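Visitor: There's a structure below that I have some questions on.
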Amino acid sequence: MQTAQQMDLAQAAAADLPADFKVGHIISVTGAKVTATLISTGDPDASRQLNSAVQIGALVKMPTPASIAFGIVSSLTTGNPSPSPEFGEQWVAEIDLFGEYLTQDAVQGGFNLLRGVSHYPGLGESVFATTVAELHEIYKRPQGSNVRIGTLHQDAELPAYLITDDLLGKHFAILGTTGSGKSCALATVLHAILGAHPFGHVVLLDPHNEYTRAFDGLSEVVTPENLQLPYWLLNFEEMVEVMCSRDDISRSSEMFILKDAILQAKRGTAEKEDDNRHISVDTPVPYPLSALLHNIEAAMGQLQKAEQAKPYLRLRSRIEALRADRRYAFMFSGLSVRDSMPDILARIIRVPVDGKPLTIFDLSGVPSEIVDVVVSLLCRTLFDFAIWSERDAAVPVLLVCEEAHRYIPQDNGTGFEPTRRIISRIAKEGRKYGLSLGLVSQRPSELSETILSQCSTLFALRMGNQKDQDFVRRALPESAEGMLSALPALRNQQAVVVGEGVVLPMRIRFDDLPESKRPHSDTASFSQQWQEERGLNGFVPRTIERWRKQIR
């Protein structure tokens, strides 16, 4: 793995370029894109120097009547091919404009770069390489709250910063193919943010138990063994998903029965008759499961025909099975019912923080048939809590969804609709109430494009799939085609970062993480484990026993 001190040979050569190294002149200006012809002399040394200054993703500058405009090289082509450079090839570069500084506002030894371009360069104007000093000015430490996460690709000595409030206030996404380093990237970002903000509030949905070791001592780890999410927190849609049959015909008849039974059970717990006016089938108030079963049986007892009892019997049987299944103990255990909602919410969002600003939900042990319901419940509870919090006393919370394509797929016909709906609401409205969203996925093209488009900062890691690249390009909050073209060639620990959370689009290398702070990967080492006999000493019977007793 490349260290932070190493630089490519081309980068080292670029660092030695003169201050006004001219690389070409402009032949076309179209919107935010400039086309330039490069200077090709045929001299090998000059060609190498030119190639070091003008690479894919390199920054160049162009004078305008009132400013200096900067752009990113997005493509390099030979406009007039010839058998050999000695015969005079025409080299052409496509450049995406991204910012400028006004010459009248420039100060001695520095400048403030503005996003966007108000003054365009003209035809025939020169194109110059960007110097190391200018790179330092462009990517200097932002004003306001910020954290360092790595170094720039163009200069390994130049730190890369995130603007904390813009990153969290407007959502972010980390995207890349399997093995590109998404988990380490997320760990780097969270460690940087929590290191600077020890009283943060972060909730991380961890479907594979990767992050427990990475945040040891900083996190409250919630597993099915110590998790308490009582059934009465579920809204009606979630209760239907857990308790009713899968086929539509049976489900429709069971839904009506369940709705009446739940409503009666909730209203039966009201201390005052007037309290019932505020109780609906979705109100999170405690009620005993025995009362729900009693209401179902009471309604069944009023039937005129025995064959009408089938949906009632299915519901009762399903509820009793859930109560007896130890896998669902975190939701259906306990004979006594108390209002534990304040304790549950305080634990989820870490109030008080008590040295652990991160809550990790280990979903690997949650039964697969209800994991979507659990995610829906957690997301909805966080959103509702944010909505009903007093504005002056509200606690801003960051919700991070690993494997986000499982919960918000592009195909509307797949996934659990309540989960998709609540994450969509968080993406669209969450920042108004101090609830931020972070999405992590190795399948960008399978994510909901509508929800991803709400993420104003994107970390794009290595992607070889053209479909994923095109999807990310469409979702970008600003043009950065020059850098995106490098996605298939990115190394591990490298990423293209664009959006509101950074001053300007940049290609970075994440800082090294100590081994103790890296996520734990469960990928088996076949080459090592197949070198010797394994699985002896009762391995198979023990596995079967753990399987039967649901012991992880």
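Visitor: Taking the options R277, R316, R327, name whichever one is within 23 Å of N226 (Cβ to Cβ) and either charged (D, E, K, R) or assigned to a helix (DSSP H, G or I) (or both).
Guide: R327
Visitor: Considering the stretch 510-541 alone, what residues qualify as being surrounded by fewer than 11 Cβ atoms within 10 Å (Cβ to Cβ) and modelled with pLDDT of 85 or more? Before the answer, list the steps.
Guide: Looking only at the stretch 510-541, we keep the residues that are surrounded by fewer than 11 Cβ atoms within 10 Å (Cβ to Cβ), and these are 514-516, 522-541.
Across the stretch 510-541, the qualifying residues are P514, E515, S516, V540, P541.
Visitor: Pull up the stretch 143-159, narrow it to residues that are open to solvent by 20 Å² or more (accessible area, probe 1.4 Å) and assigned to a loop (DSSP other than H, G, I, E, B), then point me to the one that is farthest from A192 (Cα to Cα).
Guide: Pass one, the stretch 143-159, residues open to solvent by 20 Å² or more (accessible area, probe 1.4 Å): 143-146, 148, 153-154, 157, 159.
Of the ones still in play, those that are also assigned to a loop (DSSP other than H, G, I, E, B) are 143-145, 153-154, 157.
Values: Q143: 17, G144: 15, S145: 12, H153: 19, Q154: 22, E157: 18 Å.
Per the stated criteria, the residue is Q154.
Visitor: Considering T178, T188, which residue is under 25 Å from G150 (Cβ atoms) and surrounded by 20 or more Cβ atoms within 10 Å (Cβ to Cβ)? Steps first, answer last, please.
Guide: On the way: T178 fails: surrounded by 20 or more Cβ atoms within 10 Å (Cβ to Cβ).
After ruling out the rest, the residue left standing is T188.
Visitor: Still on this structure, I have one more. Based on this model, can you work out whether S126 counts as at pLDDT 90 or above and among the polar types (S, T, N, Q)? Break it down stepwise before answering.
Guide: On the way: at pLDDT 90 or above: yes; among the polar types (S, T, N, Q): yes.
So S126 fits the description; yes.
Visitor: Under 8 Å by Cβ, and 6 or more places apart or on different chains, what pairs join a residue from the stretch 35-55 that is open to solvent by 40 Å² or more (accessible area, probe 1.4 Å) with one that is among the basic types (K, R)?
Guide: Listed by first residue and then by second, the contacts come to I39/K22.
Visitor: Say whether the condition of being assigned to a helix (DSSP H, G or I), without any contact (Cβ under 8 Å) to a residue 12 or more places away in the chain and open to solvent by 40 Å² or more (accessible area, probe 1.4 Å) is met by at least one residue in the stretch 196-216. Full working, then the answer.
Guide: We begin by selecting, within the stretch 196-216, every residue assigned to a helix (DSSP H, G or I); these are 196.
Retained after the next criterion (residues that are without any contact (Cβ under 8 Å) to a residue 12 or more places away in the chain): none.
Taking every residue of the stretch 196-216 in turn, none turns out to be assigned to a helix (DSSP H, G or I), without any contact (Cβ under 8 Å) to a residue 12 or more places away in the chain and open to solvent by 40 Å² or more (accessible area, probe 1.4 Å).
Visitor: Okay, next question. Looking at the stretch 402-439, which of the residues that are in contact with a strand residue (DSSP E or B) (Cβ under 8 Å, 6 or more places away or on another chain) and among the hydrophobic types (A, V, I, L, M, F, W, C) is farthest from H171 (Cα to Cα)? So that I can check it myself, show each step before the final result.
Guide: Keep residues of the stretch 402-439 that are in contact with a strand residue (DSSP E or B) (Cβ under 8 Å, 6 or more places away or on another chain), which gives 402-405, 407-410, 415, 420, 423, 426-427, 430, 434-439.
Those left that are additionally among the hydrophobic types (A, V, I, L, M, F, W, C): 404, 408, 423, 426-427, 435, 437, 439.
Values: A404: 14, I408: 15, I423: 12, I426: 10, A427: 7, L435: 9, L437: 5, L439: 8 Å.
If we take residues in the stretch 402-439 being in contact with a strand residue (DSSP E or B) (Cβ under 8 Å, 6 or more places away or on another chain) and among the hydrophobic types (A, V, I, L, M, F, W, C), then I408 is farthest from H171 (Cα to Cα).
Visitor: Something else about it: Which numbered condition trips up S183, out of (1) in contact with a helix residue (DSSP H, G or I) (Cβ under 8 Å, 6 or more places away or on another chain); (2) buried (at least 20 other Cβ atoms within 10 Å of the Cβ); (3) more than 14 Å from L358 (Cα to Cα)?
Guide: For S183, the exception is condition (1).
The rows are residues; the columns are (1) crowded, with 21+ Cβ neighbours inside 10 Å; (2) closer than 19 Å to L358 by Cα; (3) of a type in the set (A, V, I, L, M).
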residue	(1), (2), (3)
I387	no, no, yes
D392	no, no, no
V395	no, yes, yes
A404	yes, yes, yes
T414	no, no, no
P418	yes, no, no
R425	no, no, no
L439	yes, yes, yes
I451	yes, no, yes
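Visitor: Give me the residue from the stretch 308-356 that is surrounded by fewer than 12 Cβ atoms within 10 Å (Cβ to Cβ), closer than 25 Å to T269 by Cβ and of a type in the set (D, E, K, R) and, out of that set, modelled with the highest pLDDT.
Guide: D343
Visitor: Could you tell me whether any residue of the stretch 391-403 is at pLDDT 90 or above and in a helix (DSSP H, G or I)?
Guide: Scanning the stretch 391-403 turns up no residue that is at pLDDT 90 or above and in a helix (DSSP H, G or I).
Visitor: So which residues in the stretch 36-78 are at pLDDT 90 or above and among the charged types (D, E, K, R)?
Guide: Selection gives K61 alone.
Visitor: Can you find, within the stretch 246-282, the residue that is farthest from D339 (Cα to Cα) among those that are open to solvent by less than 30 Å² (accessible area, probe 1.4 Å) and either at pLDDT 90 or above or of a type in the set (K, R) (or both)?
Guide: E254
The values are calculated or read from the model by the stated rules, or taken from the named source; none is laboratory data. Please read all numbers here as calculations on a predicted model, not as lab measurements. Positions of Cβ are backbone-derived with ideal geometry, glycine not excepted, and every protein chain shown enters the neighbour counts. Only protein heavy atoms, including side chains, enter the accessible area calculation; ligands, DNA and RNA are left aside. Shrake-Rupley method; radii C 1.70, N 1.55, O 1.52, S 1.80 Å.
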